[in-house]
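Colleague: Here it is, the structure in full.
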Amino acid sequence: MPELPEVETIKNELSPHIVGHYITGVTLFWNGLVRQPSVEEFRSHLIGQGITGVARRGKYLLFSLTGGKKLVIHLKMTGSLLLKPASSELGRFIRAILRLDGETELHFRDPRKLGVMWLVEDTDAIVGKLGPEPLEANFTHQVLAQRLVNRKAPIKAILCDQTFIAGIGNMYADEALFAAGIHPLRLGGSLSQDEVERLHGAIQQVLWSAIGNKGASVDTYFRPGGGLGTAHFQFRVAHRLSGKSCPVCGTPIERIPIRNRGSYFCPKCQPEP
Ligand SMILES: [Zn+2]
């Protein structure tokens, strides 16, 4: 699933091509993509709207429109937004097309049809409960420490909880915990101050590095131009098959399920709780 670095890359690479442009047409091949309002209202309101900005909050993309509403998109497991020249051939798994003036189209590709779009006045009901943005200046190690006090869930599950911290999923949680030398099953509230500081630094380093590499193309993630990200080439444990060796100590990487997600870690560099 696209996580913060992938969605940030999509935002960065879409913006110069769509901000300042008007939506001239909307085609939906899969109505289930539109969560709110009705498909008819969605289509009729969007046509004629100018896009004034694109922002990211957690794993959500927020398009500001001239009429004051916002188009919110969540790509879920397999969604991509592709920039295409007008009237280009329809690729596989395209669920919606937004046509823009200037001969550009935005194709919503989504093999598993799990992506969601909303058109709303107020985004609070969608993104209001998200935790802090890990790359913003106000997300300090003190904030992380304070949020972890008395937390009794495994730190891996806590990092993937979007209300705890926004934008991190399975891949970058595994990478950050490896970089910090913390076992994924450690309980959130059990981390020492030193470990919290290491984890905070690791989260920021792992996410910035992945943004620098334009995201990780591990399954179906494409950048808007159709290219791939290369962040997964830097992964040290995430998405490794069990049995591959730790790049630091050579111990075989292990995989355990935590809340139904496979978690990869090095049993030596990340000692058991
Ligand atoms: Zn190791």
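The values are calculated or read from the model by the stated rules, or taken from the named source; none is laboratory data. In this text the structure is predicted, and so the values were computed from the model without any measurement. Note that each Cβ is placed from the backbone with ideal geometry, even for glycine, and that neighbours are counted across all protein chains shown. Keep in mind that these areas ignore ligands, DNA and RNA; they rest on the heavy atoms of the full protein, side chains included. Shrake-Rupley method; radii C 1.70, N 1.55, O 1.52, S 1.80 Å.
Colleague: Looking only at region 84-96, how many residues end up being surrounded by 18 or more Cβ atoms within 10 Å (Cβ to Cβ) and closer than 22 Å to Gly20 by Cα?
Modeller: 2
Colleague: Residue check, Met77 against (1) in contact with a strand residue (DSSP E or B) (Cβ under 9 Å, 6 or more places away or on another chain); (2) surrounded by fewer than 18 Cβ atoms within 10 Å (Cβ to Cβ); (3) under 16 Å from Val116 (Cβ atoms), all met but one. Which one?
Modeller: (1)
Colleague: Please find, among Pro111, Pro85, Pro132, the residue that is free of Cβ contacts under 8 Å to residues at least 40 places away in the same chain and over 17 Å from Ser15 (Cα atoms).
Modeller: Pro132
Colleague: Can you tell me which residues in region 257-273 are part of a loop (DSSP other than H, G, I, E, B) and either closer than 30 Å to His17 by Cβ or open to solvent by 70 Å² or more (accessible area, probe 1.4 Å) (or both)?
Modeller: Passing the criteria: Arg259, Asn260, Lys268, Pro271, Glu272, Pro273.
Residue-by-condition table, conditions (1) among the charged types (D, E, K, R); (2) farther than 25 Å from Lys69 by Cα; (3) under 17 Å from the mean Cα position of the chain (by Cα):
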{"residue": "Glu105", "(1), (2), (3)": "yes, no, no"}
{"residue": "Asp110", "(1), (2), (3)": "yes, no, yes"}
{"residue": "Leu119", "(1), (2), (3)": "no, no, no"}
{"residue": "Asp122", "(1), (2), (3)": "yes, no, no"}
{"residue": "Ala125", "(1), (2), (3)": "no, no, no"}
{"residue": "Lys129", "(1), (2), (3)": "yes, no, yes"}
{"residue": "Glu133", "(1), (2), (3)": "yes, no, yes"}
{"residue": "Leu148", "(1), (2), (3)": "no, yes, no"}
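Colleague: Give me the residue from region 179-200 that is in contact (Cβ under 8 Å) with a residue 24 or more places away in the chain, small (Gly, Ala, Ser) and not in a loop (DSSP other than H, G, I, E, B) and, out of that set, least open to solvent (accessible area, probe 1.4 Å).
Modeller: If we take residues in region 179-200 being in contact (Cβ under 8 Å) with a residue 24 or more places away in the chain, small (Gly, Ala, Ser) and not in a loop (DSSP other than H, G, I, E, B), then Gly188 is least open to solvent (accessible area, probe 1.4 Å).
Colleague: Right, another one. Is at least one residue of region 249-256 at positive phi, within 17 Å of the chain's Cα centre (by Cα) and outside any strand (DSSP E or B)?
Modeller: Checked region 249-256: no residue is at positive phi, within 17 Å of the chain's Cα centre (by Cα) and outside any strand (DSSP E or B).
Colleague: Taking the criterion of being over 17 Å from Tyr172 (Cβ atoms), within 14 Å of the ligand (Cβ to nearest atom), open to solvent by 70 Å² or more (accessible area, probe 1.4 Å) and modelled with pLDDT of 95 or more, would at least one residue in region 234-247 satisfy it?
Modeller: no
Colleague: Restricting attention to region 250-264, which residues are within 19 Å of Gly169 (Cβ to Cβ), out of contact with any strand residue (DSSP E or B) (no Cβ under 6 Å at 6 or more places or on another chain) and within 9 Å of the ligand (Cβ to nearest atom)?
Modeller: The answer is none; no residue qualifies.
Colleague: Only one residue in Lys59, Lys113, Lys76 is at positive phi and touching a Pro at 6+ places or on another chain (Cβ under 9 Å). Which one?
Modeller: Lys76 is the lone residue from the list that is at positive phi and touching a Pro at 6+ places or on another chain (Cβ under 9 Å).
Colleague: Given (1) of a type outside the set (Asp, Glu); (2) within 16 Å of the ligand (Cβ to nearest atom); (3) part of a helix (DSSP H, G or I), where does Gln204 come up short, assuming only one miss?
Modeller: If we test Gln204 against (1) of a type outside the set (Asp, Glu); (2) within 16 Å of the ligand (Cβ to nearest atom); (3) part of a helix (DSSP H, G or I), just (2) comes out false.
Colleague: Would you mind stating whether Gly58 is at pLDDT 95 or above, crowded, with 18+ Cβ neighbours inside 10 Å, small (Gly, Ala, Ser) and in contact with a Gly (Cβ under 8 Å, 6 or more places away or on another chain)?
Modeller: It is true that Gly58 is at pLDDT 95 or above, crowded, with 18+ Cβ neighbours inside 10 Å, small (Gly, Ala, Ser) and in contact with a Gly (Cβ under 8 Å, 6 or more places away or on another chain).
Colleague: If you don't mind, another one. Would you pick out the residues in region 201-212 that are in contact (Cβ under 8 Å) with a residue 24 or more places away in the chain and open to solvent by 40 Å² or more (accessible area, probe 1.4 Å)?
Modeller: Hits for region 201-212 are Gln204, Gln205, Trp208, Ser209.
Colleague: Which of the residues belonging to region 108-146 are part of a helix (DSSP H, G or I) and farther than 12 Å from Ile203 by Cβ?
Modeller: Hits for region 108-146 are Asp124, Ala125, Ile126, Val127, Gln142, Ala145, Gln146.
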